[in-house]
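Asker: Supplied in C-alpha cells, the structure appears directly below.
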Amino acid sequence: MGKFDSSLTRVQPVFKALYWQDTTGEAWLRRLLGMAQREAGAETVAVPAALGYLAAPPQFEFPANPPKDCLEWLITHPQALVSPPENEWRKWSARTQEKRKALLAGDPAIQAEAIAELQKRSRLSQRAWWRFEGVTYVDCALLTETTVIFVEGKRTEMGPSKRVLWYPGRNQVLRVLDCAATHAQRTHRKHYFVILVVEEGLVRGDPIRQAEIEGVTWPSTVRDSLPHLTDEERTALLSHYLGVTTWQAIVTDLDLGNEVLVDDVAPLEI
C-alpha cells in the first residue's frame, strides 16, 4: 500500500480505461494476452481465437479459493507447515488454537477429522480451523462466458509476494494460477489464463527484480508451490501461465495514453 499502491496507480486505472474503451473486451482482450511473454525456450501458450465477451466489468481484489486437494495436502503434511508468530495465534479461538497445535504435532485423529470436514464441505469456510490457506484476492479478474483471466499486477514491489502464513514456499503467481484453474472448473468455463504485469523502468535495470520474475517458472519454484500436483499436472497447469508484460507496453500497444499511469495516490486530507 502507500502512495505508490499498485492497485490504485496501475491496476485499476489501466483496466478501467480498457473497459471504457470497449466494454465487451473484444477489441483488447486477446491483444492483451498476446503481449505477455514467457522465458526463452518456453512453449508457446495457445490462446483461443474466440475468448467470448466480458460477462462483467473488471473485478478488482477478486476473491478466489484454492483447490481442495491443496488444502488436503497442507493438512496431511504438517511437517511442511511453519507455525505463525504468537500475535497471529491470539487472533483465533481457543478451540482453533488447540486443534491446530494438535495437527502440527502430528495427531492422526485430528488430521482425519480435518480431512473429513474438508471433504464434506461443498463451500469452503473461510474461518475453518483446518484451513491452512486463505482466500486469494486477485488484483484483477477478467471473466468472459468461456474464460477466466487473472492478472497479478506489480509496481514498486520486488516481485511476487512471499507473505504466506502457513506455507511460505507457495509462489504468489502460481497460487493465483492454481486458483484460476479452480475457479474455471467451479464456474464451468473452458479456458483460464494468468498474466503478470510489472513496471518497465524498475524491472529493466534491476537484476534482482528480473530474477524474481523469471523465478516463477523455475522447476524448484513450481515443485514447491504446487506440492499437491504430480509433475504432469504441474506442467499442464503451467501451460496456462502466459508470462509477463509491462504497464507501459499495455498503455502504448492498446492506445490508452500515458495519463492513465497515475504517479501516486494523493494523501487523504484530515
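Laboratory data are not the source of any read-out in this text; all were calculated from the coordinates shown. Because the structure is a prediction, the values reported are computed rather than measured. Cβ placement follows ideal geometry from the backbone for every residue including glycine, while neighbour counts extend to all protein chains displayed.
Asker: When the residues of segment 163-222 are narrowed to those that are under 14 Å from the mean Cα position of the chain (by Cα) and aromatic (Phe, Trp, Tyr), which ends up surrounded by the most Cβ atoms within 10 Å (Cβ to Cβ)?
Answerer: Per the stated criteria, the residue is 193.
Asker: Are any residues in segment 50-81 among the aliphatic types (A, V, I, L, M), in contact with a helix residue (DSSP H, G or I) (Cβ under 9 Å, 6 or more places away or on another chain) and surrounded by fewer than 18 Cβ atoms within 10 Å (Cβ to Cβ), and if so, which ones?
Answerer: 50, 80, 81
Asker: Test of understanding: among 223, 209, which residue is basic (Lys, Arg) and farther than 23 Å from residue 35 by Cβ?
Answerer: 223
Asker: Quick one: which residue in 136, 96, 76 is in contact with a strand residue (DSSP E or B) (Cβ under 7 Å, 6 or more places away or on another chain) and polar (S, T, N, Q)?
Answerer: So the residue among 136, 96, 76 that is in contact with a strand residue (DSSP E or B) (Cβ under 7 Å, 6 or more places away or on another chain) and polar (S, T, N, Q) is 136.
Asker: Here's something else I'd like to know. Do you know which residues across segment 118-133 are of a type outside the set (Asp, Glu) and outside any helix (DSSP H, G or I)? Lay out the reasoning, then the answer.
Answerer: Residues of segment 118-133 of a type outside the set (Asp, Glu): 118-132.
121, 122, 123, 124, 125, 126, 127, 128, 129, 130, 131, 132, listed by residue number.
Asker: Same structure, new question: Across segment 100-122, what is the number of residues that are small (Gly, Ala, Ser) and crowded, with 16+ Cβ neighbours inside 10 Å?
Answerer: Qualifying residue count for the region: 2.
Asker: Hey, can you tell me all the residues within segment 19-48 that are touching a Phe, Trp or Tyr at 6+ places or on another chain (Cβ under 8 Å) and without any contact (Cβ under 8 Å) to a residue 40 or more places away in the chain?
Answerer: Scanning segment 19-48 gives 22, 24, 26.
Asker: Given 71, 51, which one is part of a helix (DSSP H, G or I), touching a residue at least 60 places away in the same chain (Cβ under 8 Å) and closer than 30 Å to residue 7 by Cα?
Answerer: 71
Asker: Here are the criteria: (1) touching a helix residue (DSSP H, G or I) at 6+ places or on another chain (Cβ under 6 Å); (2) under 25 Å from residue 13 (Cα atoms). Tell me which single one residue 213 does not satisfy.
Answerer: For residue 213, the exception is condition (1).
Asker: Here is a further query. Being surrounded by 12 or more Cβ atoms within 10 Å (Cβ to Cβ), under 25 Å from the mean Cα position of the chain (by Cα), hydroxyl-bearing (Ser, Thr, Tyr) and in a helix (DSSP H, G or I) is the requirement here; does residue 23 meet it?
Answerer: The answer is no for residue 23.
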